[in-house]
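As structure tokens, the structure follows; a few thoughts come after it.
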Amino acid sequence: MSTREENIPPMMLAAEFRDAFMGVAEDYAGHPRAVYDYGKCIRILMRTHGFDQEQATDYMDFTVIGSYVGAATPIWVQRIRYSDITIA
């Protein structure tokens, strides 16, 4: 018998952000997509590239998130508390 993990097809991974990897999500068509913690990615960029927070955020937003690579593009999650959400 195979497990769910054994049946996950290959997906795009961001090796630089290995320590920020959270897991796998599926899009509307059932394709797996790697999920990363945005805040951890910022901290990784600050540590590995010597960026300050603003530089790391700019790099993350424009170079990383702004690079659409098709249906396999990873998902970048910004963690916030539910209580901080304003419902319109």
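The values are calculated or read from the model by the stated rules, or taken from the named source; none is laboratory data. Treat the numbers as computed from the prediction; the structure is a model and nothing was measured. Here the Cβ is made from the backbone with ideal geometry for all residues, glycine too, and neighbour counts use every protein chain on show.
Just a few scattered comments:
- Listed by position, the strands (runs of 3 or more DSSP E) contained in the range 3-88 that have at least 3 residues being not aliphatic (A, V, I, L, M) are 21-26, 32-37.
- Number of positions in the range 64-88 that are within 17 Å of Arg18 (Cα to Cα) and free of Cβ contacts under 8 Å to residues at least 24 places away in the same chain: 1
- For the range 11-28, the set of residues classified as touching a helix residue (DSSP H, G or I) at 6+ places or on another chain (Cβ under 6 Å) and aliphatic (A, V, I, L, M) consists of Met11, Met12, Ala20, listed by residue number.
- Every residue from the range 28-40 that is within 12 Å of Ile75 (Cα to Cα) and either at pLDDT 95 or above or under 12 Å from the mean Cα position of the chain (by Cα) (or both): Arg33, Ala34, Val35, Tyr36, Asp37, Tyr38
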